[in-house]
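Quick notes on the structure that follows.
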Amino acid sequence: MSSRERILARLRQAAVGDSPRVPQAVSSDRVWPAPDKADWLDALCQNLRDNHAEVLLTDQQTWMADLLARLQKYNVSRLLCGNHDTAARLQQYIQSQSDDIDTQRVTTDIEKEVIFQQVDAGFSVASAALAETGSLVIETGPQEPRTVSLVPPLNIILVRQSQLQADFSAWAASTSVPDPMPTNLLLISGPSKTADIQQTLAYGAHGPKSLIVVMLTDA
Amino acid sequence: MAESMIKLRDELDAEQQDFSDMQQQHFKVRARMALENDALRNSFRGASDFLMAKRASVFPDDEALQALRSRGEAIRQHSLNHLPDLLETLEKNLTANGIRVHWAETADEACALIHGILADNNARTVVKGKSMVSEEIELNHYLQEKGIECLESDMGEYLVQLAGETPSHIIMPAIHKNKEQIARLMHGRAETADGQGVPYTEDVDELIGNARAILREKFMNADAGISGVNMAVANTGTLCLVENEGNGRMTTTVPKLHIAVTGIEKVVEDLADVPELLTLLTRSATGQKISTYFNMISGPKKNDELDGPEQVHLVLVDNGRSRIFNHPVLQPTLQCIRCGACMNHCPVYARVGGHAYGSTYPGPIGQVVTPQIGGLDNNGDMLSACSLNGACGEACPVRIPLPALIRELRHEANHPQFINAADADLTRVKQRGAKRSLGESIIWKGWALAHRYPPLYQMMSRSIAIGRGLLSGSLGNRLLAPWTDSRTAPKAAAQSLHQMVKKRGVASQPGQHKEHEQ
Ligand code: SF4
């Protein structure tokens, strides 16, 4: 018998209770209060700010100009983007407006030296946002490499107000859940941080030191 | 090298030696040493108060908290009730996703498996994310002997490894060190890739910045990453990791090879089970609504993807868990989601700290897990470090009845019938009966008898009252030594309550004695 078989045999030998599946916690029977729909945007922004993220409330028309101003303030000279249409438009815009920022879209395998040592900022696009915890849902894949939202010191994530959901439970019960799951699905709720030295909070533990959330409002 | 640096390094070496000497001591000695160390007590007191306040602040509504705990408990119990089936489903779905699954019965087998995977891939340098199971199986030590460098990347774990120590808390591994100690440690021992030291600083941002620079270099160049798992979702074949620092993502994303290692109890059935356990975990652990990152891994890099590990492996570790699973009372041990709240709320842990327990898992959950994994003979002493005050059970987000489990283990430890570690009856704890002593059991027998027969009881209390002078004398001291060594000696009153009540003329109620005489 293999270890696998022995372990499973021992587990099957045990007396266990017979409990039904715990029903999923959906809106009406939830025991944990989620914010009302009218408050989703405020809750998301508040939670993100509490977690040291910067929220750029903007819209479809002006977001690229608003973001460019932020990039200039952060002295970004090299920006790395995923491979989606939004990134393509951003790249075009920045190229037309500024000579100081080199914007690249990753289309071939990412070189570790480049992303670790030369890139100042990474631009990602979220597929959803969770109000209750201030979280951005990132589905990685060919368009959205894993390291873009991880390695550069400044992490920028774009999300639309229409993608807001109450919380993780609501998201998990919704049709937003990708099937099959992407190889790496992330909830990001702030810049990387640690409190491992005497409970003192420090940002930029291993990953991004700053997070800018570009929120495209419906209005 | 500057003289001051030589001196600092000598001091750090001496401190490391003190630490390993302390680890060799008996539990009671370690506890006493910890109690006498003021700096250590301040660190733990401060951390416990901080973490308890943080937790309380994110559970403002008690009704909602209790309802959520009940759901957490129900989800974990449901998972355990279907454990073997869920593990098979998990294996099937992980395999379909391209993640290779391995099973290990013992710590040694797990280490050997992991080493085998590393060797197959010629991996010589390894970065590790936080994983208590890897501490449990002593993976670093094993790999070091095989010539593989295994660098801890969680900030706390990194500092603890740099000091040559072990974690003192499952969530905050370096909780026992203060800023000054960490400043000396970093200055004396940390080295950048090109062999440079780091300047002395007590500024937390600078300390973290220095460690960040060193570790990012390591992430970039590591051949493999090893991580733990907080939850494994059977239906989707997904490994979930909870973290704030980003080192977990680095470990599981940047190197070509990712090996995840976890206990077999960490599986849940469905994605729908995850949100509530996650919220319970982060709120109970650090008072956060959610951690900075929740990392869900469902496969290695696909052909059209631009980054991510080429191989992902999961090592499922039993190491005594299937025995725990068979115990009629102790099975809920496996509900644990490793949040650390029980230790933060434990008045004993807050005073003696994590190292006194001498085990990977300290505090209440450590007292429950460790003797079950390692046996009652080797690890049963820590069971005495509990006042059964109940704080841990009230804090536990998945309602594990920790005080009841500690009591059950005390019973097992003192069971009249000894069993050895290899006993095939899985419904008993390893080395049951190992802590039983003849003297103690006679005393308890007598004690029980006296409480059943009133004349005997009165005789006993009277003779204690009469002999109380004797008890506080030197003979009494010697007699009571096993008890009074680590406790204040009880002072017997000159008169028993019975006598005093009688003197005041309160008559005993008719029939009162009869009831007891059966
Ligand atoms: S026993 Fe409960 S409180 Fe303790 S670590 Fe486990 S889940 Fe947390």
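The values are calculated or read from the model by the stated rules, or taken from the named source; none is laboratory data. In this text the structure is predicted, and so the values were computed from the model without any measurement. Neighbour counts run over all protein chains shown; Cβ positions are idealised from the backbone, glycine included. What goes into the accessible areas is simple: the full protein's heavy atoms, side chains included, and nothing from ligands, DNA or RNA. Shrake-Rupley method; radii C 1.70, N 1.55, O 1.52, S 1.80 Å.
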**OP:** Mind checking which helices (runs of 4 or more DSSP H) fall wholly inside region B:367-477 and carry at least 2 residues that are under 18 Å from the mean Cα position of the chain (by Cα), within 16 Å of the ligand (Cβ to nearest atom) and more than 14 Å from chain A (Cβ to nearest Cβ)?
**Re:** B:391-395, B:402-413
Subject >> Out of A:199, A:161, sole residue that is surrounded by fewer than 22 Cβ atoms within 10 Å (Cβ to Cβ) and under 27 Å from residue B:158 (Cβ atoms) >> reply: A:199
**OP:** Please state which one of A:152, A:145 is open to solvent by less than 10 Å² (accessible area, probe 1.4 Å), in contact (Cβ under 8 Å) with a residue 12 or more places away in the chain, within 8 Å of chain B (Cβ to nearest Cβ) and out of contact with any Ser or Thr (no Cβ under 8 Å at 6 or more places or on another chain).
**Re:** A:145
Subject >> Test for residue A:113: is it among the acidic types (Asp, Glu) and open to solvent by 30 Å² or more (accessible area, probe 1.4 Å) >> reply: yes
Original post:
How many of the residues in region B:12-49 are open to solvent by less than 50 Å² (accessible area, probe 1.4 Å) and either of a type in the set (Lys, Arg) or not assigned by TED's automatic domain parsing to the domain that holds residue B:286 (or both)?
Top reply: 1
Subject >> Members of region B:50-66 found to be open to solvent by 30 Å² or more (accessible area, probe 1.4 Å) and either facing chain A (nearest Cβ under 7 Å) or hydrophobic (A, V, I, L, M, F, W, C) (or both), listed by number >> reply: B:50, B:52, B:53, B:56
**OP:** Of the numbered conditions (1) surrounded by fewer than 14 Cβ atoms within 10 Å (Cβ to Cβ); (2) at pLDDT 95 or above; (3) not β-branched (Val, Ile, Thr), residue B:3 fails exactly one; give the number of that condition.
**Re:** (2)
**OP:** Could you tell me which of the residues B:213, B:234, B:222 is within 13 Å of chain A (Cβ to nearest Cβ) and over 25 Å from residue A:152 (Cβ atoms)?
**Re:** B:234
Original post:
If you take the residues in region B:334-360 that are surrounded by fewer than 24 Cβ atoms within 10 Å (Cβ to Cβ) and near the ligand (Cβ under 8 Å from one of its atoms), which one is nearest to residue B:31 (Cα to Cα)?
Top reply: B:338
Original post:
Is there a residue being more than 13 Å from every other protein chain (Cβ to nearest Cβ), surrounded by 18 or more Cβ atoms within 10 Å (Cβ to Cβ) and touching a residue at least 24 places away in the same chain (Cβ under 8 Å) anywhere in region B:194-203?
Top reply: no
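Looking only at region B:73-114, how many residues end up being β-branched (Val, Ile, Thr) and facing chain A (nearest Cβ under 7 Å)?
Result for region B:73-114: 1.
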Original post:
residue B:314: away from the ligand (no atom under 14 Å from the Cβ), open to solvent by less than 20 Å² (accessible area, probe 1.4 Å), within 30 Å of residue A:107 (Cβ to Cβ) and hydrophobic (A, V, I, L, M, F, W, C), yes or no?
Top reply: no
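Residue-by-condition table, conditions (1) out of contact with any strand residue (DSSP E or B) (no Cβ under 8 Å at 6 or more places or on another chain); (2) hydrophobic (A, V, I, L, M, F, W, C):
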{"position": "B:232", "(1), (2)": "no, yes"}
{"position": "B:252", "(1), (2)": "no, no"}
{"position": "B:266", "(1), (2)": "no, no"}
{"position": "B:279", "(1), (2)": "yes, no"}
{"position": "B:296", "(1), (2)": "no, yes"}
{"position": "B:308", "(1), (2)": "no, no"}
Original post:
Which condition breaks for residue B:276 when tested against (1) more than 7 Å from every other protein chain (Cβ to nearest Cβ); (2) within 16 Å of the ligand (Cβ to nearest atom)?
Top reply: (1)
**OP:** Go through (1) open to solvent by 30 Å² or more (accessible area, probe 1.4 Å); (2) without any contact (Cβ under 8 Å) to a residue 12 or more places away in the chain; (3) not in a loop (DSSP other than H, G, I, E, B) and name the single condition residue B:142 misses.
**Re:** (2)
**OP:** Please work out which one of (1) within 11 Å of chain A (Cβ to nearest Cβ); (2) within 30 Å of residue B:49 (Cα to Cα) is the condition residue B:266 fails and give its number.
**Re:** (1)
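Quickly run through region A:103-137 and pick out the residues that are among the β-branched types (Val, Ile, Thr) and at the interface with chain B (Cβ under 10 Å from one of its Cβ atoms).
Of region A:103-137, the ones among the β-branched types (Val, Ile, Thr) are A:103, A:106-108, A:110, A:114-115, A:119, A:125, A:133, A:137.
Those that are among the β-branched types (Val, Ile, Thr) and at the interface with chain B (Cβ under 10 Å from one of its Cβ atoms): A:106, A:107, A:108, A:110, A:115, A:133, A:137.
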**OP:** State whether the residues of region B:174-183 include one that is open to solvent by less than 40 Å² (accessible area, probe 1.4 Å), away from every other protein chain (no Cβ under 12 Å) and under 30 Å from residue B:42 (Cα atoms).
**Re:** no
Original post:
Among the residues of region B:293-300, is there at least one that is crowded, with 24+ Cβ neighbours inside 10 Å, more than 10 Å from chain A (Cβ to nearest Cβ) and among the hydrophobic types (A, V, I, L, M, F, W, C)?
Top reply: no
